[in-house]
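**Q** One structure, pasted below without further comment.
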Amino acid sequence: MADRSAGQPFELPEFYLAWPARLNPHLDGARAHSKTWAGEVGILDTRPEEAPPVWDEKKFDAMDYALLCAYTHPDTLAPELDLVSDWYVWVFYFDDHFLDVFKRPVDKAGGRAHLQRLPMFMPLDGDDPPPAPSNPVERGLLDLWARTVPSKTEHWRRRFFESTQNLLQESAWELANIDEARVPNPIEYIEMRRKVGGAPWSAHLVEHANFVEVPDRVAASRPLRVLRDTFADAVHLRNDLFSYERETLDEGELANCVLVLERFLDLDTQAAADLTNEILTSRLYQFEHTALTELPQLFEEHALDPLERQSVLLYVKGLQDWQSGGHEWHMRSSRYMNQSACHDPPVATLSGPSALGMTAVRAFTASPQTLGLTRFRSHVHAPYRQVGPTALPDFYMPYAARVNPNLERSRKHCIEWSREMGMLDGLAGLEGAAIWDERKIASYDFAACAARLHPDASGPQLDISSAWLTWGTYGDDLFPQVFGTTRDLGGAKVQNERLSLFMPIDCEQVPPPANPLERGLAELWNRAAQPMQIDDRRVFRQAVERMTASWLWELQNHIEQRIPDPVDYIEMRRNTFGSDMTMNLARITQRGDLPAELFSTRPMVQLENAAQDYACLLNDVFSYQKEIQFEGELHNCVLVVENFLAIQRPQAVAVVNDLMTSRMKQFEHIVATGLPLLADDFGLSEHGRRTLNAWVTSLQDWMAGILDWHIITGRYDESELLRLNTSGTVVAGGQPAALQAGMTALANPSRSVPRDRPAIPTGPTGLGTTAARIQTATPR
């Protein structure tokens with residue numbers, strides 16, 4: 001470990017290194033080539049009129065980016081290694097050049113102008129020739145783009161263009177934070193670091209270096225997205241640990257996870273560094289878990305042919321090589337804090353403890369952290385603990401809830417509509433096995449929630465909003481009770497696939513619905529989608545599909561008895577809560593003539609994500625007893641924080657409340673500083689600015705209304721929970737005996753279940769007995 005007495009701010013933690021580092025034999029050729037190329041484009045021979053010198057030859061040699069690429073791409077051929085090495089020379093030069101020219105003097109206008117020109121040097125076609133480059137950054141990018149894209153498909157080019165543009169453009173986010181002396185909150189940081197840090201860009205170069213392409217039809221799927229994002233997070237968090245001293249003491253940088261955790265959790269630097277490493281390790285566990293459990297399902301469900309499967313697996317192998325090679329380079333490069341590193345010349349073969357890839361053996365002793373054993377703490381939670389009510393914190397809410405005057409109308413509509421759709425009946429002829437009854441749905445009062453989310457909606461519009469909340473919650477209640485009890489992931493996937501059939505883009509014919517979930521969706525889709533434009537229907541259907549697909553993610557975690565990784569949880573929680581669905585419904589009906597592209601910009605995406613996270617985390621605090629004690633739930637941020645930080649519920653609630661507060665303050669910050677600039681960038685008229693302000697007001701209503709509804713609803717009230725779980729005979733997991741009998745009949749249709757069957761004993765509650773009990777995952 002690093003010696004803190006030598007002046008380093010903390011000792012490097014014990015890293016989990018799952019794969020050995022290997023060295024490409026073409027290193028020497030890449031070193032010579034990248035140095036020559038850097039001189040040709042002006043990186044090492046800067047013209048005085050273009051830019052001040054950023055690197056000299058000595059500094060260039062010490063950083064050794066060819067060594068980075070030889071470690072991270074150990075199997076690529078010599079010409080390809082030369083190309084990849086040039087890309088990394090360019091990207092690090094871009095970062096240092098932007099620091100010297102724009103960050104240090106805090107030249108936001110100059111930085112924005114510089115960044116806006118760079119996409120011109122990445123033409124996707126020949127229709128718009130790039131301008132003449134005016135500095136080494138532009139000259140290098142133009143040369144590299146021309147050497148890289150000819151061999152790739154249009155799909156890959158567009159993905160690589162997007163990741164490169166994100167890497168470049170989001171540097172303005174770092175610059176703005178430095179100007180305002182603003183340290184981002186943890187959720188914002190992880191989200192933005194992926195774009196600014198460039199690891200998704202590196203993942204695309206992994207495809208190029210291995211001469212493969214991820215099939216476009218699965219490139220946006222959850223498994224491939226998670227593999228890319230976990231790779232990116234691990235790369236960036238590792239870099240944050242090694243670069244903390246350089247960035248915080250020399251560069252004045254505020255975008256570093258160690259610093260973010262220091263400020264957010266009030267930790268000393270060593271504790272923040274250790275926690276950063278815990279998050280890094282958790283992301284590597286998630287990478288491995290996704291590769292081993294989700295990729296095989298993806299291959300079969302999309303019928304990938306052998307070559308497509310090979311391409312994906314070579315891509316995964318390339319990401320693994322990058323992780324291990326990147327760590328080895330960080331331990332050797334002069335760019336970072338690595339005083340304990342091994343500086344022996346790199347060798348290309350493994351030959352015992354002194355060989356390449358044995359850094360962990362040289363530097364650290366074997367521990368649960370380095371051996372990857374800490375992953376098991378996510379699987380040892382004993383469900384159905386008696387926890388009692390949660391003491392609610394003081395929530396930060398700067399907005400007041402408003403109530404739609406059509407509330408009473410929609411209350412009646414909710415109950416009548418649920419009855420008509422069959423949601424209050426028994427399941428598929430199983431007497432007594434109903435998910436809801438009328439008293440329960442009246443207690444939940446979804447119309448009261450909709451009346452606060454959309455206080456200015458007309459009566460018919462409020463009826464639709466109330467019905468969507470009702471339908472989404474019914475489905476989220478039904479999935480775990482029908483498919484979770486039998487661990488029938490296949491049946492759940494079949495049901496989920498069928499749901500899309502009841503959302504036809506043309507609003508024409510649908511198949512006969514087989515159950516209340518399908519019947520409700522068919523009726524609701526027809527009402528909601530008819531007034532929409534075709535493109536809006538597609539967007540809204542995708543939002544519904546993301547929500548229903550997230551039910552499968554929850555179900556799989558229950559089958560594995562696995563508390564989710566914290567980052568994966570936050571990102572999937574937006575879908576499980578249905579927030580994207582309700583926001584898209586509001587956006588479609590309220591956006592007026594605002595350009596659709598405006599909603600995909602960073603300020604708007606961050607604004608909506610901040611609002612969604614506030615509401616999701618708020619729900620987790622209110623629903624903790626309901627989910628943990630009565631449902632055996634694993635998907636609750638308070639529980640995730642308890643498990644990850646090894647703290648008690650009161651402390652976890654405080655952390656979650658701090659996250660909510662930071663997300664709300666970020667929301668306010670974007671409204672005050674980001675949206676005026678965005679309106680200028682899009683040249684919005686006065687009418688357009690009023691429409692944008694009205695959309696912001698709708699988000700404020702959305703957050704305030706959700707808090708207000710949680711206070712008044714009976715869904716989380718302990719007395720109501722006790723009533724629901726003591727009506728009739730109670731069985732393990734808090735389900736009435738009639739419902740368990742129905743689930744047993746669904747799982748074993750050849751067996752008859754006597755109506756007077758005695759209650760099944762609750763049985764053991766210790767570790768390893770989960771399979772003996774009913775699993776539920778009722779919605780938030």
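**Q** Which of the residues that make up region 144-183 are of a type in the set (D, E), within 17 Å of S600 (Cβ to Cβ) and crowded, with 19+ Cβ neighbours inside 10 Å?
**A** E170
**Q** Also, quick follow-up: Considering L17, L27, L44, which residue is at pLDDT below 95, crowded, with 18+ Cβ neighbours inside 10 Å, hydrophobic (A, V, I, L, M, F, W, C) and over 31 Å from the mean Cα position of the chain (by Cα)?
**A** L44
**Q** Take the residues in region 218-237 that are open to solvent by 10 Å² or more (accessible area, probe 1.4 Å) and in contact with a Leu (Cβ under 7 Å, 6 or more places away or on another chain), then tell me which one is nearest to L295 (Cα to Cα).
**A** The residue in question is P223.
**Q** Just one of R309, R362, R335 is out of contact with any Leu (no Cβ under 6 Å at 6 or more places or on another chain), among the basic types (K, R) and at pLDDT 80 or above; which is it?
**A** R309
**Q** Anything in region 390-402 that is surrounded by fewer than 13 Cβ atoms within 10 Å (Cβ to Cβ) and over 29 Å from the mean Cα position of the chain (by Cα)? List them, or say none.
**A** A400
**Q** Check region 57-66 and report whether any residue there is assigned to a helix (DSSP H, G or I), touching a helix residue (DSSP H, G or I) at 6+ places or on another chain (Cβ under 6 Å) and modelled with pLDDT of 95 or more.
**A** yes
**Q** Further question on the same structure: Would you tally the residues in region 375-387 being more than 26 Å from the chain's Cα centre (by Cα) and loosely packed, with under 12 Cβ neighbours inside 10 Å?
**A** The total comes to 1.
**Q** While we're looking at this one, here's another question. Does E560 fit the bill of being surrounded by fewer than 16 Cβ atoms within 10 Å (Cβ to Cβ), in contact with a His (Cβ under 8 Å, 6 or more places away or on another chain) and among the charged types (D, E, K, R)?
**A** It is true that E560 is surrounded by fewer than 16 Cβ atoms within 10 Å (Cβ to Cβ), in contact with a His (Cβ under 8 Å, 6 or more places away or on another chain) and among the charged types (D, E, K, R).
**Q** Separate question: Return yes or no: is R193 farther than 29 Å from Q297 by Cα, of a type in the set (D, E, K, R) and crowded, with 20+ Cβ neighbours inside 10 Å?
**A** Taking the combined requirement at face value, the residue satisfies it.
**Q** Would a scan of region 564-582 turn up a residue that is in contact with a Cys (Cβ under 6 Å, 6 or more places away or on another chain), on the phi < 0 side of the Ramachandran plot and open to solvent by less than 10 Å² (accessible area, probe 1.4 Å)?
**A** Yes.
**Q** Find the residue count for region 683-709, including only residues that are open to solvent by 10 Å² or more (accessible area, probe 1.4 Å) and among the small types (G, A, S).
**A** The number of residues fulfilling the criteria is 4.
Each row is one residue, and each column tells you yes or no for (1) open to solvent by less than 10 Å² (accessible area, probe 1.4 Å); (2) on the phi > 0 side of the Ramachandran plot; (3) in contact with a helix residue (DSSP H, G or I) (Cβ under 6 Å, 6 or more places away or on another chain).
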site	(1), (2), (3)
L265	no, no, no
Q270	no, no, no
L275	no, no, yes
T281	yes, no, no
L284	yes, no, yes
L295	yes, no, yes
E300	no, no, no
E308	no, no, no
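**Q** Mind listing whichever residues of region 538-551 are open to solvent by 20 Å² or more (accessible area, probe 1.4 Å) and either without any contact (Cβ under 8 Å) to a residue 60 or more places away in the chain or farther than 19 Å from T470 by Cα (or both)?
**A** Those that are open to solvent by 20 Å² or more (accessible area, probe 1.4 Å) and either without any contact (Cβ under 8 Å) to a residue 60 or more places away in the chain or farther than 19 Å from T470 by Cα (or both): R538, V539, R541, Q542, E545, R546.
**Q** Helices (runs of 4 or more DSSP H) wholly in region 115-214 with at least 2 residues that are touching a residue at least 40 places away in the same chain (Cβ under 8 Å) and acidic (D, E) - which ones?
**A** Hits in region 115-214: 171-180, 186-197.
**Q** Test F479 against the stated conditions and say whether it is aromatic (F, W, Y), within 30 Å of G592 (Cβ to Cβ) and in contact with a helix residue (DSSP H, G or I) (Cβ under 9 Å, 6 or more places away or on another chain). Quick ask: steps written out before the conclusion?
**A** On the way: aromatic (F, W, Y): yes; within 30 Å of G592 (Cβ to Cβ): no; in contact with a helix residue (DSSP H, G or I) (Cβ under 9 Å, 6 or more places away or on another chain): yes.
Answer is no for this residue.
**Q** What are the residues in region 186-203 that are in contact with an Asp or Glu (Cβ under 9 Å, 6 or more places away or on another chain) and modelled with pLDDT of 85 or more, if any?
**A** If the condition is that a residue be in contact with an Asp or Glu (Cβ under 9 Å, 6 or more places away or on another chain) and modelled with pLDDT of 85 or more, then I187, I190, E191, M192, R193, R194, A199, P200 are the ones that fit.
**Q** How many of the residues making up region 628-652 are open to solvent by 10 Å² or more (accessible area, probe 1.4 Å) and over 22 Å from T374 (Cβ atoms)?
**A** 4
**Q** While we're on this one: Provide a single number: the residues in region 53-103 that are out of contact with any Asp or Glu (no Cβ under 8 Å at 6 or more places or on another chain) and open to solvent by 50 Å² or more (accessible area, probe 1.4 Å).
**A** Number of matching residues: 10.
**Q** Could you pull out every one of the helices (runs of 4 or more DSSP H) wholly within region 255-330 that has 1 or more residues that are farther than 26 Å from S171 by Cα?
**A** It comes to 269-293, 295-301, 306-330.
**Q** Another question about this same structure. For residues that are out of contact with any helix residue (DSSP H, G or I) (no Cβ under 6 Å at 6 or more places or on another chain) and more than 17 Å from W709 (Cα to Cα), scanning just region 609-627, find the one that is surrounded by the most Cβ atoms within 10 Å (Cβ to Cβ).
**A** Only one residue fits best here, namely E627.
**Q** What pairs come up if the first residue lies in region 404-421 and is on the phi < 0 side of the Ramachandran plot, the second is acidic (D, E), and their beta carbons are under 6 Å apart, counting only those six or more places apart or on different chains?
**A** Final answer for the pair search is S410/D463; H413/D463.
**Q** If you go through region 99-122, how many residues are of a type in the set (F, W, Y) and within 13 Å of G252 (Cβ to Cβ)?
**A** Residues flagged as of a type in the set (F, W, Y) and within 13 Å of G252 (Cβ to Cβ) within region 99-122 amount to 1.
**Q** With touching a Phe, Trp or Tyr at 6+ places or on another chain (Cβ under 9 Å), of a type in the set (S, T, N, Q) and more than 25 Å from A457 (Cβ to Cβ) as the only criterion, which of Q481, Q509, Q495 stands out?
**A** Going through Q481, Q509, Q495 in turn, the sole match is Q495.
**Q** Counting residues that are more than 30 Å from F376 (Cβ to Cβ) and modelled with pLDDT under 95, which helices (runs of 4 or more DSSP H) fully inside region 571-668 reach at least 3?
**A** The qualifying helices (runs of 4 or more DSSP H) are 579-590, 602-622.
Results for (1) open to solvent by 10 Å² or more (accessible area, probe 1.4 Å); (2) under 13 Å from N515 (Cβ atoms), shown as yes or no for each residue.
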| site | (1), (2) |
| --- | --- |
| R439 | yes, no |
| A442 | yes, no |
| A448 | no, no |
| R452 | yes, no |
| S458 | yes, no |
| S466 | no, no |
| V494 | yes, yes |
| L499 | no, yes |
| P504 | yes, no |
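The values are calculated or read from the model by the stated rules, or taken from the named source; none is laboratory data. None of the values given here were measured: they were computed from a predicted structure. Reconstructed Cβ throughout: ideal geometry from the backbone, glycine too, with neighbour counts over all protein chains shown. Ligands, DNA and RNA are stripped out before the accessible areas are found, and what is left, the full protein with its side chains, is counted by its heavy atoms. Shrake-Rupley method; radii C 1.70, N 1.55, O 1.52, S 1.80 Å.
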